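Take a look at the structure below.
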Amino acid sequence: MQYTAAMPIDVAADVIWNRPLSNDYNVLALAAPAIAAAAAPGQFVMVKAGAGVDPLLRRPFSVFEILRDATGAPSGLTILSKRIGVSTALLYDKGQGQRIDCLGPLGRPFTVVDPPTDAWMVAGGVGLAPFATLAQALHARGVTSTLFYGARRGAELFYLDFFRALNVELVLTTDDGSVGERGRVVAPLDRRLAARAPSSAVMLYACGPEGMLAATARTAMKHGRPCQVSVERIMGCGLGGCYSCVIPMRDGHGGFHHVRSCIAGPVLPADQIVWG
Ligand SMILES: Cc1cc2nc3c(=O)[nH]c(=O)nc-3n(C[C@H](O)[C@H](O)[C@H](O)COP(=O)(O)OP(=O)(O)OC[C@H]3O[C@@H](n4cnc5c(N)ncnc54)[C@H](O)[C@@H]3O)c2cc1C
Ligand code: FES
């Protein structure tokens with residue numbers, strides 16, 4: 001297993017702006033140009049949401065967008081945050097000019113394919129986050145891309161015009177059927193894979209809740225397609241020091257071993273993970 005080697009950068013980043021998308025989701029822009037300049041699609045940052053001891057530890061967030069100044073140089077990055085606990089509640093309420101410790105870029109990024117291989121991204125909820133920069137990288141290479149994107153309801157499907165502007169085909173599902181197909185995002189993925197000629201190469205990329213990732217991995221394996229998943233284990237350090245993020249992977253000899261998903265991942269080959 002090859003680990004990431006580049007030295008991460010730690011900055012006290014000013015909040016440039018904070019845009020709520022719903023009662024739970026917000027996009028936070030951070031003035032961290034050096035991290036933005038070094039980040040590759042699928043990498044993440046460790047963010048300390050408050051100055052005190054609660055929360056004591058930083059939390060991991062995918063790099064969502066790279067912000068650029070008038071010359072095109074990276075000026076900052078954004079994170080897409082879903083409020084589920086103490087840190088994400090603090091991030092939801094951050095104001096312009098407040099400071100946040102931000103460490104990154106961290107982890108192994110996605111391997112970006114080239115034509116004629118197509119790219120199919122599979123996102124569940126806040127699992128959309130790593131796909132904005134990936135879609136831009138795919139677009140720059142001329143790769144034909146599709147985003148399978150599932151959420152609880154239509155109002156929680158974000159940035160659709162962003163992906164449309166990159167010529168990404170959207171396949172949408174919602175739990176309540178308010179937008180797109182009712183049900184899980186893996187259902188249309190399965191149908192599309194079944195209908196696709198085996199000779200047409202496609203790379204799957206997935207990020208979302210672990211149950212969705214496992215279902216996507218099984219679907220990819222059923223159809224004999226490669227799949228890179230970005231796993232979201234709880235991460236105490238993001239640097240390989242605490243072992244809070246381990247995930248079981250096949251060892252090639254019929255057994256398995258645990259790897260630290262913060263440094264061996266978060267992007268991992270789906271067919272090598274031992275899904276629970
Ligand atoms: C590599 C990586 C990238 C991530 N990118 C994003 C992102 O772009 N946007 C985003 O909103 N979130 C992302 N996450 C998840 C995010 O790190 C957690 O939501 C965050 O740590 C929660 O912090 P909190 O203090 O608000 O919640 P806490 O108060 O720490 O926890 C609240 C509850 O959520 C549970 N929980 C916390 N983290 C996770 C987790 N990773 N998986 C399952 N349950 C969890 C806790 O066990 C607890 O029950 C990512 C995680 C990883 C590992
Ligand atoms: S988060 Fe600490 S070892 Fe992975």
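Assorted remarks:
- Scanning the stretch 147-170 for residues that are surrounded by fewer than 20 Cβ atoms within 10 Å (Cβ to Cβ) and part of a strand (DSSP E or B) gives Glu169, Leu170.
- The lone exception for Ala51 - which of (1) more than 18 Å from Leu106 (Cβ to Cβ); (2) open to solvent by less than 40 Å² (accessible area, probe 1.4 Å) it fails: (2)
- Candidates are the residues of the stretch 220-247 that are more than 16 Å from ligand 1 (Cβ to nearest atom) and open to solvent by less than 60 Å² (accessible area, probe 1.4 Å); the one that is nearest to Gly127 (Cα to Cα) is Cys227.
- Flag for Lys82 being over 23 Å from Asp176 (Cβ atoms), at pLDDT 95 or above and basic (Lys, Arg): no
- Annotation note: of Pro105, Pro60, Pro109, Pro41, the sole residue that is away from ligand 2 (no atom under 16 Å from the Cβ), in contact with a Phe, Trp or Tyr (Cβ under 8 Å, 6 or more places away or on another chain), open to solvent by 10 Å² or more (accessible area, probe 1.4 Å) and in contact (Cβ under 8 Å) with a residue 60 or more places away in the chain is Pro41.
Condition check ((1) among the basic types (Lys, Arg); (2) without any contact (Cβ under 8 Å) to a residue 40 or more places away in the chain) across all residues:
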| site | (1), (2) |
| --- | --- |
| Ser199 | no, yes |
| Ala215 | no, yes |
| Lys222 | yes, yes |
| Met235 | no, no |
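- You will find that of Ala155, Ala129, Ala215, the residue that is away from ligand 1 (no atom under 15 Å from the Cβ) and either under 26 Å from Thr117 (Cα atoms) or among the basic types (Lys, Arg) (or both) is Ala215 and no other.
- Of everything listed in (1) more than 16 Å from ligand 2 (Cβ to nearest atom); (2) at positive phi; (3) not acidic (Asp, Glu), the single unmet condition for Tyr243 is (1).
- Residue match in the stretch 184-196 (condition: touching a residue at least 24 places away in the same chain (Cβ under 8 Å), in a strand (DSSP E or B) and either of a type in the set (D, E, K, R) or open to solvent by 50 Å² or more (accessible area, probe 1.4 Å) (or both)): no
- Residue match in the stretch 22-31 (condition: closer than 23 Å to Tyr205 by Cβ and either within 16 Å of ligand 2 (Cβ to nearest atom) or not aliphatic (A, V, I, L, M) (or both)): yes
- Members of the stretch 125-146 found to be assigned to a strand (DSSP E or B) and touching a helix residue (DSSP H, G or I) at 6+ places or on another chain (Cβ under 7 Å), listed by number: Ser145
- Annotation: Arg260 fulfils all but one of (1) basic (Lys, Arg); (2) in contact (Cβ under 8 Å) with a residue 60 or more places away in the chain; (3) within 16 Å of ligand 1 (Cβ to nearest atom); the unmet one is (2).
- Taking the stretch 81-96 as the range and being outside any helix (DSSP H, G or I) and open to solvent by less than 50 Å² (accessible area, probe 1.4 Å) as the test, the residues that pass are Ser81, Gly85, Lys94, Gly95.
The values are calculated or read from the model by the stated rules, or taken from the named source; none is laboratory data. Keep in mind it's a predicted model, so treat the numbers as computed, not measured. Cβ: placed from backbone, ideal geometry, glycine included. Neighbour counts: every protein chain shown. Note: accessible area is taken over every heavy atom of the protein model, side chains too, but ligands, DNA and RNA are not part of it. Shrake-Rupley method; radii C 1.70, N 1.55, O 1.52, S 1.80 Å.
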